[in-house]
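Visitor: Once you've had a glance at the structure underneath, I'll fire off some questions.
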Amino acid sequence: MTAVAVERTSAPLGRVLLAELRWVLRRPRNLLALVMLAGLPVLIGIGIVLTGGPEGGDGPPLLAAVAGNGLVLPVATIVLAQTMLLPLVVSMTAADALAGESAHGTLRGLLLAPVGRVRLVGVKAAGVLAMVVLSVGVIAVSGVLTGLVIVGGDGMVSLSGTTLPLGSALGRVVLAAAWSAAQMAAIGAIALAISSLTDHPLVVMAATMGTLIVFGVLGSLPALDWLQPLLITTGWTSVVDVLRDPVVTGALLDGLLRAGCYLLIGVSATVLRITTKDA
């Protein structure tokens, strides 16, 4: 008898991606997180309508600009959410992507499956990126709708004092959302790298959030000004520059470059770990 060699074929990339996206979107806590993020602009908008917003320098100045200027609301909500809520949701997704799979014993099967380890990292990164885009997107969409319906305004009064028409104002919101998504994608890449090193999802979340808190503290110390260009959290508030007329691009471009470096480091570290990991 002649032995027939069975060739190991690779699973179609499209099918693997769709399976990962379905898995990410079916997780109850991911859906709950999206609902929570969508409700955040509503709560802020209702609070501003009921109280009239901060006055006399009380509270964040950006919230004071929301009163009667509804399209500032999504940008203000993004600024508030990216300090804690958005990184928490992103790190939770990255923790489930690899550490969660390892904890449930399914990562071993994925490493042995005909997918390819580098492609596996790409699929997992795509799942995290999808959650990033959805998270920032629901804040932006909910913020725009809430701002127009509850807060009011048919355009946007920029921080420079000029009035932007509705189309330009919506473009500024999209720009702010895209910039914030790039920052969160960098956080997701770092969290994914940590996720590849452990079997405990909570460790990933704790390490990611702890690092961001430490970065925030280091960035607030005048003696460590030289360190700020290296911290991912540096310049996160510069997203408000999209509300100026014209847009001030210096800090925004610096933030994108910094996020790109962290993204490259995180993905490279994840690929290195997964390709050398024992099945």
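Visitor: Taking into account only those residues within the stretch 186-208 that are in a helix (DSSP H, G or I) and open to solvent by 20 Å² or more (accessible area, probe 1.4 Å), which is nearest to Val133 (Cα to Cα)?
Guide: Checked the stretch 186-208; the qualifying residue nearest to Val133 (Cα to Cα) is Ile190.
Visitor: Moving on. Filter the stretch 234-250 down to the residues that are surrounded by 16 or more Cβ atoms within 10 Å (Cβ to Cβ) and part of a helix (DSSP H, G or I), then identify the one that is nearest to the chain's Cα centre (by Cα).
Guide: Trp236
Visitor: Next question. Looking for something surrounded by fewer than 17 Cβ atoms within 10 Å (Cβ to Cβ), out of contact with any helix residue (DSSP H, G or I) (no Cβ under 8 Å at 6 or more places or on another chain), modelled with pLDDT under 90 and among the β-branched types (Val, Ile, Thr) - is there at least one such residue anywhere in the stretch 108-124?
Guide: Checked against the condition, which is being surrounded by fewer than 17 Cβ atoms within 10 Å (Cβ to Cβ), out of contact with any helix residue (DSSP H, G or I) (no Cβ under 8 Å at 6 or more places or on another chain), modelled with pLDDT under 90 and among the β-branched types (Val, Ile, Thr), the stretch 108-124 yields no hits at all.
Visitor: Out of Gly235, Gly152, report the one residue that is without any contact (Cβ under 8 Å) to a residue 60 or more places away in the chain, in contact with a helix residue (DSSP H, G or I) (Cβ under 6 Å, 6 or more places away or on another chain) and over 23 Å from Glu101 (Cα atoms).
Guide: So the residue among Gly235, Gly152 that is without any contact (Cβ under 8 Å) to a residue 60 or more places away in the chain, in contact with a helix residue (DSSP H, G or I) (Cβ under 6 Å, 6 or more places away or on another chain) and over 23 Å from Glu101 (Cα atoms) is Gly235.
Visitor: Ok, one more. Run down Leu212, Leu264 and say which single residue is loosely packed, with under 14 Cβ neighbours inside 10 Å and either at pLDDT 95 or above or within 14 Å of the chain's Cα centre (by Cα) (or both).
Guide: Leu264
Visitor: Also, quick follow-up: Among residues belonging to the stretch 70-84 that are buried (at least 24 other Cβ atoms within 10 Å of the Cβ) and of a type in the set (S, T, N, Q), point out the one that is farthest from Val138 (Cα to Cα).
Guide: Gln82
The values are calculated or read from the model by the stated rules, or taken from the named source; none is laboratory data. This structure is a prediction, so every number in the text was calculated from the model and none was measured. Neighbour counts are summed over all protein chains in view; Cβ atoms, including those assigned to glycine, are modelled from backbone coordinates with ideal geometry. The area values use the complete protein model at the heavy-atom level, side chains included, leaving out ligands, DNA and RNA. Shrake-Rupley method; radii C 1.70, N 1.55, O 1.52, S 1.80 Å.
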